[in-house]
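S.K.: Before I ask anything, here is the structure I am working with.
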Amino acid sequence: MWHERHYPPQSKGMDTMDVVAVIDFETTGSSPDHGDRATEIAAVLLKDGKVVDRYQSLMNAGVRIPVFITELTGITDAMVRMAPPAADVMRDVADFVGDYPLVAHNASFDSRFWDAELKRVRRNRRQEFACSMLVARRLFPQAPSHKLGVLVEFAKLPVTGRYHRALADAEMAASLIVHMEEELRRRYKLHDVPHELLRNIQKVQKHQLDKCVERYRLQSATDQ
């Protein structure tokens, strides 16, 4: 079966502040500004360190899949021809994600495609992205690289499927986020690691990590 859908997360009584949506796109290339389109998307919902819901679908944007993309992902022209229209998928996944904060590994890539594909269905993103790759660079500068597969091996996380397929990559990025939240709690004696803190961390240099977390701790104490 070429797609999997679970509806709707908002009906389950999950507080928006407690859930993040980790997304991953597979595409025909690197830039929607140059005509590249999405071929697959997945979103997994994380709550209390666990995946509580999933969405995955191939998407037919009416474009051919370059040979090197098929070699990388395994996604073929025949597969996307049988998939639902890209517009239908984007409406579905936008409804699935709702207002939950977003996370992606290399979010500058996924956010561009998320915004471009939403624009085609006359919708706009309402929430911010956190980037697990940028957070990992600050938190684990000693890692051999900060590609998802390398970080999964470095942190000894489970490989959930073929790399460069949307659901497997989204699930592994979710595992990485949970691992980094646990590391931040352990290292800095934090009770919570909210999406806001991850966004703050990704904006600073690695040598500023301690000060960034301390600023968050002080601000949180002031707000209480």
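The values are calculated or read from the model by the stated rules, or taken from the named source; none is laboratory data. The model shown is predicted, which means the values in this text are computed figures rather than measured ones. Note that we place each Cβ from the backbone using ideal geometry, even for glycine, and neighbour counts take in every protein chain shown.
S.K.: Which of (1) buried (at least 21 other Cβ atoms within 10 Å of the Cβ); (2) out of contact with any His (no Cβ under 9 Å at 6 or more places or on another chain); (3) among the acidic types (D, E) is the odd one out, the single condition E182 does not satisfy?
M.R.: Going through the list (1) buried (at least 21 other Cβ atoms within 10 Å of the Cβ); (2) out of contact with any His (no Cβ under 9 Å at 6 or more places or on another chain); (3) among the acidic types (D, E), E182 breaks only (1).
S.K.: Of the residues that sit in the stretch 64-99 and are under 17 Å from the mean Cα position of the chain (by Cα) and closer than 17 Å to L167 by Cβ, which one is surrounded by the fewest Cβ atoms within 10 Å (Cβ to Cβ)?
M.R.: Filtering the stretch 64-99 for residues under 17 Å from the mean Cα position of the chain (by Cα) gives 89-90, 92-99.
Then drop every residue that is not closer than 17 Å to L167 by Cβ, which leaves 89-90, 92-93, 96-97.
Values: V89: 25, M90: 24, D92: 20, V93: 22, F96: 22, V97: 24.
Going through the qualifying residues, I end up with D92.
S.K.: Turning to a different aspect of this structure: Looking for whichever is modelled with pLDDT under 95 and either in a loop (DSSP other than H, G, I, E, B) or over 21 Å from R122 (Cβ atoms) (or both) here; the options are M79, M14. Which one fits? Break it down into steps so the answer makes sense when it comes.
M.R.: Values: M79 fails: modelled with pLDDT under 95.
Sole residue among the options that is modelled with pLDDT under 95 and either in a loop (DSSP other than H, G, I, E, B) or over 21 Å from R122 (Cβ atoms) (or both): M14.
S.K.: Tell me the residue from A130, A107 that is touching a Cys at 6+ places or on another chain (Cβ under 8 Å) and modelled with pLDDT of 95 or more, please. Lay out the reasoning, then the answer.
M.R.: Numbers: A130 fails: touching a Cys at 6+ places or on another chain (Cβ under 8 Å).
Step by step, each of A130, A107 is checked, and only A107 is touching a Cys at 6+ places or on another chain (Cβ under 8 Å) and modelled with pLDDT of 95 or more.
S.K.: With the requirement that a residue be without any contact (Cβ under 8 Å) to a residue 24 or more places away in the chain, of a type in the set (F, W, Y) and farther than 18 Å from F25 by Cα, what does the stretch 145-200 give you?
M.R.: Once the filter is applied, which keeps residues that are without any contact (Cβ under 8 Å) to a residue 24 or more places away in the chain, of a type in the set (F, W, Y) and farther than 18 Å from F25 by Cα, the stretch 145-200 yields only F154.
S.K.: Quick test for you: out of E117, E153, E71, pick the one residue that is of a type in the set (D, E), out of contact with any Gly (no Cβ under 8 Å at 6 or more places or on another chain), closer than 25 Å to K47 by Cα and not in a strand (DSSP E or B).
M.R.: On the way: E117 fails: closer than 25 Å to K47 by Cα; E71 fails: closer than 25 Å to K47 by Cα.
It is E153.
S.K.: Next question, about the same structure. Within the stretch 103-118, is even one residue out of contact with any Ser or Thr (no Cβ under 9 Å at 6 or more places or on another chain) and more than 19 Å from A38 (Cβ to Cβ)?
M.R.: Scanning the stretch 103-118 turns up no residue that is out of contact with any Ser or Thr (no Cβ under 9 Å at 6 or more places or on another chain) and more than 19 Å from A38 (Cβ to Cβ).
S.K.: Looking for whichever is of a type in the set (D, E, K, R), more than 13 Å from the chain's Cα centre (by Cα), surrounded by 14 or more Cβ atoms within 10 Å (Cβ to Cβ) and closer than 28 Å to Q208 by Cβ here; the options are R112, R123, R138. Which one fits?
M.R.: Numbers: R112 fails: more than 13 Å from the chain's Cα centre (by Cα); R123 fails: closer than 28 Å to Q208 by Cβ.
Of R112, R123, R138, the one residue that is of a type in the set (D, E, K, R), more than 13 Å from the chain's Cα centre (by Cα), surrounded by 14 or more Cβ atoms within 10 Å (Cβ to Cβ) and closer than 28 Å to Q208 by Cβ is R138.
S.K.: Go through (1) surrounded by 22 or more Cβ atoms within 10 Å (Cβ to Cβ); (2) in a helix (DSSP H, G or I) for A130 and report which single condition fails.
M.R.: Single failed check for A130: (2).
S.K.: Being surrounded by 20 or more Cβ atoms within 10 Å (Cβ to Cβ) and either modelled with pLDDT under 95 or not in a strand (DSSP E or B) (or both) is the filter here, so list the residues in the stretch 37-60 that pass it.
M.R.: Result: R37, M59.
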